[in-house]
Structure formats: C-alpha cells, structure tokens
Amino acid sequence: MEKDHRLKRIETYVKKQFEHDTTGHGFDHMKRVALWSRKLAVEEEVDPVLAEAAGWLHDIGDEKLFTNPDKALEERNRLLLELNFTLIQKNEINKAIETVSFRKGKKPSSYLGAVVQDADRLDAIGAIGIARAFTYGGAKGQSIDNEEGDTSSSIQHFHDKLLKLSGMMNTESGRLEADRRHRFMEKYLLEFSREKQLD
Ligand code: ADP
Ligand code: NI
C-alpha cells in the first residue's frame, strides 16, 4: 500500500526540524514514536493516520528543544491545515500531543493521546531507552554512574524515572511491550552492578 502522502510530507518536515539534535530527541526518536504510535493505534482501534501524524509531531514546539516554541506550533498547525487535515483532526492531534510529556505529568484525555504517550514512553525504556539515557547524559556532561559527590548520573535516571514507566502505560498493547522492555532494563542493571563488583 502506498504511504499516505501527507505522512510523507510530515516526515520530511520533521527531519528538517530535528536533524541536528544531540540529546536523544533526533529524527530517529520521532520516527520510532511515529511507527509505534501507528502500531499501537491499530491494536487499540484508534485512527492510525492521526496517530502516526501525532507521533511524528509530538516534540515540535517543546520548550526545551525550540528557541521559539510558539512559532514552531504555528508552523505545525499551518502544515496540518495545508495537508487538508480537518479542523477537528488538527485539534485532536494537538490535544493528543499536549499530554505526551512525562515532565508535565498529564493524563491523556483521548485514546489518541493515550497511544502517543505510550509510544513516547516506550522509546525511553528497553534497549533503546538505555541508549538514549547515556546519549542524553553524555550531551549534558553527566556521569555514567554516581561517583562520590555526584547528585545525578545516567544510572540514577533509571531509578528516578525509567523503571517507573512500565507501570504508567495507558494501553494494553503498550503495557505488554513495556513489560518486556522493563525486564530487559532490570537485567542490564544487574549485569552493570555485577561488573562493578570485584569481590
Ligand atoms: P520527554 O521529552 O519525553 O518529556 P525527557 O526530555 O525528560 O523526556 O527525556 C528524553 C530522553 O532523555 C529520554 O530517553 C530520557 O530517559 C533521557 N533523559 C532525560 N533526563 C535524563 C537524565 N537526567 N539522565 C539520563 N537520561 C535522561
Ligand atoms: Ni519524545
């Protein structure tokens, strides 16, 4: 089946916006969230095109990533209307995106929002989540593990946030995938401790 040309246009737009990111919010993150949003949407009987669009666009206008968030949001809205998404669809996408962020801690108010939040959370855990945690830590000059005098480290971040995410999933299919990724992180942390332990 030929890919919806609107999703292709969104992908191209997103690629331009995130190609220089070094904090784990690059194009690859957007792509995985878009594709997992679509996959979860199919399983949860939510509109897959809206879910994929919201997945692609979920970090556009994020205050920590954009110097002018309002301008970015305006541009995002303009693109959706240009691509003939209806006003209702555009609003649904925006509403879904608003609740995605962990930091803001909001509960999604729609199935679309639930699916996209789950897809974003999945990308913070498991093998990919591990890679992103150390990428982020490296970009911020943070230690791998807590050394004396450190108040934060990437390993600390697993306990502060990543190990909590599988218990916070919205959808059944998201939870199933999150459980698998959670077990993988637990195994990884055990092995990390074992390698540190010399006696
Ligand atoms: P979001 O934009 O999804 O709200 P964040 O910006 O907090 O999330 O996180 C983006 C990525 O960076 C995630 O994979 C997250 O685990 C990682 N990250 C965020 N804070 C830290 C930290 N203090 N140490 C290591 N990784 C982090
Ligand atoms: Ni994200």
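The values are calculated or read from the model by the stated rules, or taken from the named source; none is laboratory data. Fair warning: this is a prediction, and the values are worked out from it, not measured in the lab. Here the Cβ is made from the backbone with ideal geometry for all residues, glycine too, and neighbour counts use every protein chain on show.
Specify which of the listed residues (Ala127, Ala133, Ala72, Ala178) is within 16 Å of ligand 2 (Cβ to nearest atom), of a type in the set (Gly, Ala, Ser) and closer than 22 Å to Glu195 by Cβ.
Result: Ala133 is the single residue among Ala127, Ala133, Ala72, Ala178 that is within 16 Å of ligand 2 (Cβ to nearest atom), of a type in the set (Gly, Ala, Ser) and closer than 22 Å to Glu195 by Cβ.
Only residues that are closer than 23 Å to Asn84 by Cα, away from ligand 1 (no atom under 15 Å from the Cβ) and touching a helix residue (DSSP H, G or I) at 6+ places or on another chain (Cβ under 8 Å): list them for segment 15-34, please.
Lys15
Only one of these conditions is not met by Ser109: (1) more than 20 Å from Val49 (Cα to Cα); (2) surrounded by fewer than 13 Cβ atoms within 10 Å (Cβ to Cβ). Which number is it?
Single failed check for Ser109: (1).
Find the residue count for segment 75-106, including only residues that are touching a residue at least 12 places away in the same chain (Cβ under 8 Å) and not in a helix (DSSP H, G or I).
7
Would you check which residues across segment 1-33 are touching a residue at least 60 places away in the same chain (Cβ under 8 Å) and part of a helix (DSSP H, G or I) and list them?
Arg6, Arg9, Ile10, Tyr13, His29, Arg32, Val33
If I filter segment 13-62 down to residues being closer than 15 Å to Thr99 by Cβ and among the charged types (D, E, K, R), which single residue comes out as nearest to ligand 2 (Cβ to nearest atom)?
Applying the filter and picking the extreme gives Asp59.
Just to be sure before I move on: is Leu189 among the hydrophobic types (A, V, I, L, M, F, W, C), buried (at least 21 other Cβ atoms within 10 Å of the Cβ), touching a helix residue (DSSP H, G or I) at 6+ places or on another chain (Cβ under 7 Å) and modelled with pLDDT of 95 or more in the structure I sent?
no
Residues in segment 117-156 that are part of a helix (DSSP H, G or I) and among the small types (Gly, Ala, Ser): how many?
So the answer is 10.
If you go through segment 24-76 one residue at a time, how many are surrounded by fewer than 20 Cβ atoms within 10 Å (Cβ to Cβ) and among the small types (Gly, Ala, Ser)?
Here the count works out to 2.
Within segment 145-186, which residues are crowded, with 20+ Cβ neighbours inside 10 Å, under 30 Å from Leu112 (Cβ atoms) and without any contact (Cβ under 8 Å) to a residue 40 or more places away in the chain?
Passing the criteria: Phe158, Leu162.
On the given criteria, is Ile93 at pLDDT 95 or above, buried (at least 16 other Cβ atoms within 10 Å of the Cβ) and away from ligand 2 (no atom under 12 Å from the Cβ)?
Spelling it out, Ile93 is indeed at pLDDT 95 or above, buried (at least 16 other Cβ atoms within 10 Å of the Cβ) and away from ligand 2 (no atom under 12 Å from the Cβ).
Given the condition within 16 Å of ligand 1 (Cβ to nearest atom), farther than 23 Å from Arg175 by Cα and in a loop (DSSP other than H, G, I, E, B), answer yes or no: does some residue in segment 38-59 qualify?
The answer is no, given that none of the residues of segment 38-59 is within 16 Å of ligand 1 (Cβ to nearest atom), farther than 23 Å from Arg175 by Cα and in a loop (DSSP other than H, G, I, E, B).
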